[in-house]
Each structure stands twice: as C-alpha cells, then as structure tokens.
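One structure is given here, and the rest of the page talks about it.
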Amino acid sequence: MDSITFLERFYNKLHDNLIKKYKKEKNRSILIWFFDIKSNDRFRLLKDSSIQKIKIPTEALNKLLSNKLIRETDTVGEYVITAQGIWSIEKEKGILSEEVLLDNFDVKFFNLYSASEKPVSEKHKILLFSMIAARSFSEQSSVDLKKKNITLDAWEDIITKSYEFLREMDIITKLNKDMLFGKKGNEHKVSNVFRHTDSLPKQSKGIFKAIGCQKYYIDLYREGEISIENLRYLFKQIFGEKKLSVIERDNICNFCDQISTSKNIYLFDIECHLFHDPEYDLVIRDALLAL
C-alpha cells in the first residue's frame, strides 16, 4: 500500500473521532472545523487519532514525514496527521479549495469589522444605556469594578432601572429580569455582567472600551467635547429602527438626567467627573433628535 492510503487512515480516524465527540458533522472540512475547536479539545482529538509506528511500513512512514503530512507526538513512536496532511486529502477529494479555505480564514481572523453590523444583544443594550445615563463618557469617568460595594450596588440599581425603562418602551422583549446579571457566583453581579462584554467593542465601532484593571467606559469625550455623532450611533444600536416620539425622547432625557443626578456621587470622583454639568443634558437631547 502507498503512503496516501496510510494518510487516509489518519484522516478517517480523526474524522470518526470528531463525529463521536460532536455527534454530527459540523463542517465537511476538518481543517475549517478545527477553527472553532478549543485548544485542549484539539489536543485530545489528535491524541486519540494517533497511529503507532509499528502499524505503518517504514517506507510509507518516512515519505509522510518528509512531506510533513504527519508528525510524531510527545509519545515516541506515535504519529498524528498535520494540517498539511488534512489539506492534501481534502484538496484531492474536492472537500476544500484554496478559495474556500482563505474565505473562512479571512472571516475568522481578519474580518474584524462585520461584528459592528450585527444587532447588539438586549443585555448589551441595557449596559450601553446605563453607561449613557450615568455619563461614563471618558476614562476618568469609567465603570470601575474594583471600587467598593457601594459603587457596584449603585451600578446594579442603574442597570436594573435601565432594564425596566427599556422594557417599558418595548426595546427589551426577550431578556428575563432574572437573567439580567447572569448566574449567581462569588463575584458581585455587576462584575459578572461586565466581564461578558467581549463583543461590545467591535459592535460599537470601538466606542465601548475595556481598558483593563476591570474598567470600562464609552469613549465619547474628545478634545473638550462630546461626539454627538458617536452618541447618536450608540442610541441607534440601542433603539434600532424605532422612531422615537417627542414624549419618548423627553422620557429618555429625564431618565438619564435623574440617573446622573442621583447616582454620580457613588460612581465617580466628582472632582474629575466633568459630565454632571447641565450642558450635557442638551448633548443627550441633541443626539436623540435624529432618532
């Protein structure tokens, strides 16, 4: 038997183990399927799909190794298929072409901009609205999860009130209040909900910032003024295609003003927090006018 026959054995064994683990074929191509498999799972799948040296003729083994179609594992005399090996099989069988491979590679690793076109989840709409209401518009006025519980409790109250407000406007229709902060754990509810915002920077065109040290803010304040355009974009992400009435715009402005007035002292260092000034009431109103 030639070396390709043995390469197919490696390939088929890996394919069978993938089906066994995931109960169905998630992609015809193993190479593309592997894009969405966690590192530890890939390691176990390859390990379970290894073939021992004694089961492969020396000539076929050496040819597969020299062509980089298989490699030795961390166990001496045990071999697994490589990416080149999978590509060789799938290209030959018409399962995968260079164009399809590169398209998938581009979507997975290079197209970082299409996320902004996807609708923001209801939970993330609530977080964005909460941060607008509290006026967390700069790094100096960030959501700081390392502050004392009195601050986190204030954020919890703002997020809860924002949920109720948006629910009443029929912006939130699916999210149950019990699931607003996720499952109970050892950390504060607010820490839990902000930790699960990995998609928000992309979906907000980079306006939502996670700057490390458990700090978050919406980046609206540049060169001494708020970007009305960016604030309007966030409102668009929250309210979607809904055409706001004059009364609804007034209610939103009043809600934001009330949150800012009653909560800022618990959230920020007031000496550094610029946005409690009444002029920012007008900024929020202006951003809503086009909606």
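Throughout, read-outs are computed from the coordinates displayed, never taken from laboratory work. These figures come from a predicted structure and were not determined experimentally. Positions of Cβ are backbone-derived with ideal geometry, glycine not excepted, and every protein chain shown enters the neighbour counts.
Observations
- Per-residue ³J(HN,Hα) for the stretch 37-54, Karplus 6.51 cos²θ - 1.76 cosθ + 1.60, θ = phi - 60°, Hz, x for Gly and Pro: 10, 5, 4, 5, 5, 4, 4, 5, 4, 5, 4, 5, 9, 6, 10, 7, 4, 5
- Applying both filters, DSSP loop and at most 13 other Cβ atoms within 10 Å, to the GluC sites (Glu not before Pro) of the stretch 142-249 gives 187, 223, 241.
- C-alpha center-to-center spacing [the stretch 1-46, the stretch 166-183] in angstrom: 40
- The stretch 177-291, dipole about Cα centre (Lys/Arg Cβ +1, Asp/Glu Cβ -1), debye to the nearest 20: 760
- Compared with the dominant Cα axis of the chain, that is its longest principal axis, helix 3-22 is turned about 40°.
- Extreme residue, positive dipole direction of the stretch 72-181, given options 155, 77, 97 (C-beta unit charges): 155
- Working note: Karplus 6.51/-1.76/1.60 with θ = phi - 60° gives the stretch 80-97 the couplings 9, 6, 9, 4, 4, x, 5, 4, 4, 5, 5, 5, 5, 7, x, 6, 9, 10 Hz, where Gly and Pro are set to x.
- About its Cα centre, the dipole of the stretch 1-72 is roughly 320 debye, where the only charges are +1 on Lys and Arg Cβ and -1 on Asp and Glu Cβ.
- For the chain, the Cβ-based charge dipole about the Cα centre amounts to some 1320 debye (Lys, Arg positive; Asp, Glu negative; other atoms uncharged).
- Under Karplus coefficients 6.51, -1.76 and 1.60, residue-wise ³J(HN,Hα) of the stretch 223-238 in Hz, glycine/proline x: 6, x, 8, 7, 7, 4, 4, 5, 5, 5, 4, 5, 4, 5, 5, 7
- Note on the chain: GNM, Cα springs under 10 Å; of 86, 158, 207, the largest mean-square fluctuation is that of 86.
- Loop-located trypsin sites (Lys or Arg not before Pro) across the stretch 155-234 with a Cβ neighbour count of 12 or fewer within 10 Å are 174, 183, 184, with loop assigned by DSSP.
- Longest segment of the chain lacking chymotrypsin sites (Phe, Trp or Tyr not before Pro) that sit in a DSSP loop with at most 15 other Cβ atoms within 10 Å: 114-291
- When each of 50, 262 is scored by the number of other beta-carbon atoms lying within 10 Å, the sequence from fewest to most is 262, 50.
- Answer label, with semi-axes √(5λ) of the Cα gyration tensor in Å calculated from the coordinates and candidates [x] 54, 20, 17; [y] 127, 25, 12; [z] 39, 21, 17: [x]
- Cβ-based charge dipole, the stretch 117-288, positive-most Cα from 165, 231, 175: 175
- For the stretch 165-220: rounded, prolate or oblate by the Cα gyration tensor [a/c cutoff 1.5]: oblate
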